[in-house]
Amino acid sequence: MSLNTFGHLFRVTTWGESHGPGLGATVDGCPPGVPVTAEDLQVWLDQRKPGQNKFTTQRREPDEVEILSGVFEGVSTGTPIQLMIRNTDQRSKDYGDIAEKFRPGHADITYWQKYGIRDYRGGGRSSARETAARVAAGGVARAALAKLVPGIEISGYMVQMGPKSIDRARFDAAEIGRNPFWCPDATAADEWAAYLDGLRKSGDSVGAVIEVTATGVPAGLGAPIYGKLDTDLAAAMMSINAVKAVEIGEGMAAAALTGAENADEISMGPDGPVFSSNHAGGILGGISTGQELVVRFAVKPTSSILTTRRTITKSGEDAEIITKGRHDPCVGIRAVPVGEAMMACVILDHLLLDRGQTGGTRGRIG
């Protein structure tokens, strides 16, 4: 299987399977001299790891990251950084019943159609467990950004679970870390808890929409046509397992606006251009404006459910399937730190690209 690497100058290759001995990432292109420790990266992995509450899979993984190379005396050396996370709580026997069947809505069938072989133990590379490696790599990217562009802040949160959305009028960033859903609306979080608990007990699952923002991003990142910042952000978010749609800024809703409504009017402020709104999501022509970057992505419902579904076997026979084991009733919950990690990786990648092309110089206004 090829194409397990993303990024241009800051390049991340993930490896490993859900039920193998371990998984991890090889991070190449991190500038030298960046303070990086396993403890720094663990902070982000702890946000994503399973088994933290009843609304996520009860698989118990410490997700402890090990740095095997590329760091010496607490700082990056400029050589490849090898990160490893060992699997410790696999229960492969839970998947014995589906070895010959395909889960509807899952990549089981397409992996088989493409490769003629699949790791049915949790889905192998198609498992959301692969994203632990991305979060570890994202920790490296965050460390580099903190050194190169202090002040960049990346924040992810859930804005919709199934048909239930937050009320933007009640948006409170302080609420994000106070509930198990990364929800900035305390009232919505309470409603989601009851809603998801009912789905969980019935053996079903539901999807979600995650929003990720980045403030403090300098203007000028990204390049026209084929090197657009939003192109790479969209690809990065879409590459997350179970993601089915990505929006930048106003996204699909922009189609319902008039030109006058959609235009982010510009005035001159004491420190440079000031925009009256941010329908563009902080990107125009593929290049950052200096405003907040805004990306949303939709995560489909978990395919492994206890509700009986019709399917077929590898030999083409009709069958029914129930997926036993420990699964997320809403996998979107643990996708929040993954989206943040991908945002960090893309921003750092484009920062390095910009330094290489322009040296970081900017067109002067005023």
Legend entry - Selection from the stretch 210-266 of residues that are loosely packed, with under 14 Cβ neighbours inside 10 Å, out of contact with any strand residue (DSSP E or B) (no Cβ under 9 Å at 6 or more places or on another chain) and not in a helix (DSSP H, G or I): Ile225, Tyr226, Leu257, Thr258
Inset, instruction - Give the residues of the stretch 331-353 that are part of a helix (DSSP H, G or I), over 18 Å from Thr215 (Cβ atoms) and either among the charged types (D, E, K, R) or more than 11 Å from the chain's Cα centre (by Cα) (or both), sorted by residue number. - result: Asp349, Leu352, Leu353
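Being within 19 Å of the chain's Cα centre (by Cα) and modelled with pLDDT of 85 or more: is that true of Tyr111 here?
Values: within 19 Å of the chain's Cα centre (by Cα): no; modelled with pLDDT of 85 or more: yes.
Considered against the rule, which asks whether it is within 19 Å of the chain's Cα centre (by Cα) and modelled with pLDDT of 85 or more, Tyr111 comes out as no.
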Legend entry - The one condition in (1) modelled with pLDDT under 95; (2) of a type outside the set (Val, Ile, Thr); (3) crowded, with 21+ Cβ neighbours inside 10 Å that Gly282 fails to fulfil: (1)
Inset, instruction - Could you give me the residue pairs with C-beta distances under 6 Å whose first residue belongs to the stretch 306-321 and is in contact (Cβ under 8 Å) with a residue 60 or more places away in the chain, whose second residue is open to solvent by 100 Å² or more (accessible area, probe 1.4 Å) and of a type in the set (Lys, Arg) wherever it lies, and which are 6+ apart or on separate chains? - result: Ile321/Arg309
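If only one of Gly339, Gly290, Gly359, Gly332 is surrounded by fewer than 16 Cβ atoms within 10 Å (Cβ to Cβ) and either under 23 Å from Ile176 (Cα atoms) or out of contact with any helix residue (DSSP H, G or I) (no Cβ under 7 Å at 6 or more places or on another chain) (or both), which one is it? So that I can check it myself, show each step before the final result.
Numbers: Gly339 fails: surrounded by fewer than 16 Cβ atoms within 10 Å (Cβ to Cβ); Gly290 fails: surrounded by fewer than 16 Cβ atoms within 10 Å (Cβ to Cβ); Gly332 fails: surrounded by fewer than 16 Cβ atoms within 10 Å (Cβ to Cβ).
Result of the check over Gly339, Gly290, Gly359, Gly332: Gly359.
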Legend entry - Residues of the stretch 60-103 satisfying the condition of being within 18 Å of Gly123 (Cβ to Cβ), open to solvent by 20 Å² or more (accessible area, probe 1.4 Å) and either modelled with pLDDT of 95 or more or of a type in the set (Lys, Arg) (or both): Arg91, Lys93, Lys101
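The values are calculated or read from the model by the stated rules, or taken from the named source; none is laboratory data. Nothing here was measured: the structure is a model prediction, and the numbers come from that model. Don't worry about glycine lacking a Cβ; one is built from the backbone with ideal geometry, like all the others, and counts go over all protein chains shown. Surface accessibility is based on the protein's heavy atoms, side chains included, excluding ligands, DNA and RNA. Shrake-Rupley method; radii C 1.70, N 1.55, O 1.52, S 1.80 Å.
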